[in-house]
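The values are calculated or read from the model by the stated rules, or taken from the named source; none is laboratory data. Remember, predicted model here, so these are calculated numbers, not experimental data. FYI the Cβ positions are ideal-geometry reconstructions off the backbone, even for glycines, and counts take in every protein chain you see. Note: areas computed on protein heavy atoms with side chains; ligands, DNA, RNA excluded. Shrake-Rupley method; radii C 1.70, N 1.55, O 1.52, S 1.80 Å.
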Amino acid sequence: MAMTTDVHGRDLRYFLAVAEELHFTRAAERLYVSQPALSKQIRALERQLGAPLFDRDRQGVRLTEVGTALLPHARAVLAAWDEAEHAVRTAREEASGTLVVGMSTSPGRGGLLPAIRSRFTEAHPRAAPRLRQIGWEDPTAGLADGSSDVAFVWLPLAGPERFRWVVVATEPRLVALPEGHPLAARARIDFAELLDEPFLALPDTGPELRDYWLAVDARHGRPPVVGAEIASADETYEALVGGLGICLVATGNAPLLTRGGVVTRPVDGVSESRFALAWRADDTRPLVRDYARAAADVAASTRT
């Protein structure tokens, strides 16, 4: 007798749950179905296959030889279907062009975002990049946990082997001070004069970036004095006005802080900051690759 071939994926999932739990009630709970519905479905599958899959008696539930033979194939079919669903979802995202762009501070910088977007949509007319604001606690702006597809980040990036990036802006770092600070009257400040000042520090969830904005590399082994921790531009502004400390800021971000009561001054003796568009090293999707290429093209055209 030829075995019927139109067994549904749902039937195999039900079978797998019972085979793994060896208990109908627990399997039903795992599947969010009633136990009678599960038992009925298993009986229907057994009729379809022409053989019992489980022995049920007072001792409990056991797989029959037929059930044991089916088990690895059921697992393989369901795993393949899960892969297929993932592939379909990825293809659907490609077709609808959803690309999540993470950022912890607005890129601003003379229309960087609109310029990248217009180049990107030439290659993907139906694509819709969606901007997502991420807190400063995550220096990867959503890349690490997969909530962003690409992200505007500050270098250095934690776990550099996991990511690729293209630098879109290189900017001098300024020092932001409350306007009443003794050094605020100066046109330029040497970083050596700031070594004993309390500094505002990023959250320690990103130690590389925290050290970078504290300019640890320019302190010649002297540990920084941390006056307060900051996790947003608003917190930074309030801490500056409140006299809790001073901080370094990229030139392009200075307008976020200089809104009354705060001034920025050029500072000598620290390296320039690098703002980059980053993506996961193992993400080879065309949408990601083409957004990165658009960012590289825009960065090259602004440099020339």
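Output the residue which, of all residues in region 181-192 that are over 12 Å from V270 (Cβ atoms) and out of contact with any strand residue (DSSP E or B) (no Cβ under 6 Å at 6 or more places or on another chain), is least open to solvent (accessible area, probe 1.4 Å).
H181
For V33, only one of the following conditions fails: (1) at pLDDT 90 or above; (2) outside any helix (DSSP H, G or I). What is its number?
Among (1) at pLDDT 90 or above; (2) outside any helix (DSSP H, G or I), V33 violates only (1).
I'd like the full set of residues that are among the acidic types (D, E), open to solvent by 20 Å² or more (accessible area, probe 1.4 Å) and assigned to a helix (DSSP H, G or I), limited to region 4-30.
Residues of region 4-30 among the acidic types (D, E): 6, 11, 20-21, 29.
Applying the additional criterion that residues be open to solvent by 20 Å² or more (accessible area, probe 1.4 Å) yields 6, 20-21, 29.
Matches in region 4-30: E20, E21, E29.
Go through region 168-180 and give me each residue that's open to solvent by 30 Å² or more (accessible area, probe 1.4 Å) and within 34 Å of the chain's Cα centre (by Cα). Outline the logic, then answer.
Restricting attention to region 168-180, the residues satisfying the condition of being open to solvent by 30 Å² or more (accessible area, probe 1.4 Å) are 170, 172, 179-180.
The answer is T170, P172.
Among residues belonging to region 220-258 that are open to solvent by less than 50 Å² (accessible area, probe 1.4 Å) and of a type in the set (V, I, T), point out the one that is nearest to the chain's Cα centre (by Cα). Even if it seems obvious, please write down each step before you answer.
Taking region 220-258 first, the residues open to solvent by less than 50 Å² (accessible area, probe 1.4 Å) are 224, 227-228, 230-233, 236-237, 239-240, 245-250, 252-254, 257.
Filter once more, keeping what is of a type in the set (V, I, T): 230, 236, 246, 249.
Values: I230: 21, T236: 24, I246: 29, V249: 24 Å.
Among residues in region 220-258 that are open to solvent by less than 50 Å² (accessible area, probe 1.4 Å) and of a type in the set (V, I, T), the one nearest to the chain's Cα centre (by Cα) is I230.
Would you check which residues across region 132-158 are more than 13 Å from the chain's Cα centre (by Cα) and either open to solvent by 40 Å² or more (accessible area, probe 1.4 Å) or free of Cβ contacts under 8 Å to residues at least 60 places away in the same chain (or both) and list them?
First, the residues of region 132-158 that are more than 13 Å from the chain's Cα centre (by Cα): 154-156.
Passing the criteria: only P156.
Name every residue in region 119-139 that is farther than 16 Å from A233 by Cα and small (G, A, S), in order of residue number.
Once the filter is applied, which keeps residues that are farther than 16 Å from A233 by Cα and small (G, A, S), region 119-139 yields A123, A127, A128.
Go through region 110-131 and count every residue that is part of a loop (DSSP other than H, G, I, E, B), in contact (Cβ under 8 Å) with a residue 24 or more places away in the chain and open to solvent by 30 Å² or more (accessible area, probe 1.4 Å).
Total meeting the criteria: 3.
From V66, V18, which residue is of a type in the set (V, I, T), at pLDDT 95 or above and more than 45 Å from the chain's Cα centre (by Cα)? Don't jump to the end; show me each part of the working.
Numbers: V18 fails: more than 45 Å from the chain's Cα centre (by Cα).
Residue meeting the stated conditions: V66.
Among the residues in region 47-56, are any among the aromatic types (F, W, Y) and modelled with pLDDT of 90 or more?
We begin by selecting, within region 47-56, every residue among the aromatic types (F, W, Y); these are 54.
Still in the running and modelled with pLDDT of 90 or more: 54.
Yes, because at least one residue in region 47-56 is among the aromatic types (F, W, Y) and modelled with pLDDT of 90 or more.
So if I check each of A192, A201, which one is closer than 22 Å to Y237 by Cα and small (G, A, S)? Explain how you work it out, then say what you get.
Details: A192 fails: closer than 22 Å to Y237 by Cα.
Matching residue, one of A192, A201: A201.
Pick out the one residue from H86, H73 that is open to solvent by 60 Å² or more (accessible area, probe 1.4 Å), under 21 Å from L38 (Cβ atoms), without any contact (Cβ under 8 Å) to a residue 60 or more places away in the chain and under 42 Å from the mean Cα position of the chain (by Cα). Explain how you work it out, then say what you get.
Working: H86 fails: under 21 Å from L38 (Cβ atoms).
Matching residue, one of H86, H73: H73.
State whether the residues of region 212-228 include one that is within 26 Å of G260 (Cα to Cα) and of a type in the set (D, E, K, R). Before you say what the answer is, go through the steps one by one.
Applying the first criterion (within 26 Å of G260 (Cα to Cα)) to region 212-228 yields 213-215, 225-228.
From what is left, the residues that are of a type in the set (D, E, K, R) are none.
The answer is no, given that none of the residues of region 212-228 is within 26 Å of G260 (Cα to Cα) and of a type in the set (D, E, K, R).
Per-residue answers, yes or no, for (1) of a type in the set (A, V, I, L, M); (2) under 15 Å from T25 (Cα atoms); (3) in a strand (DSSP E or B); (4) in contact with a strand residue (DSSP E or B) (Cβ under 7 Å, 6 or more places away or on another chain):
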| residue | (1), (2), (3), (4) |
| --- | --- |
| L45 | yes, no, no, no |
| R56 | no, yes, yes, no |
| V61 | yes, yes, yes, yes |
| P72 | no, no, no, no |
| L78 | yes, no, no, no |
| D82 | no, no, no, no |
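Just to verify a result, which residue in region 259-293, among those that are in contact with a Lys or Arg (Cβ under 9 Å, 6 or more places away or on another chain), surrounded by 19 or more Cβ atoms within 10 Å (Cβ to Cβ) and among the small types (G, A, S), is farthest from V216 (Cα to Cα)?
Selected residue: A292.
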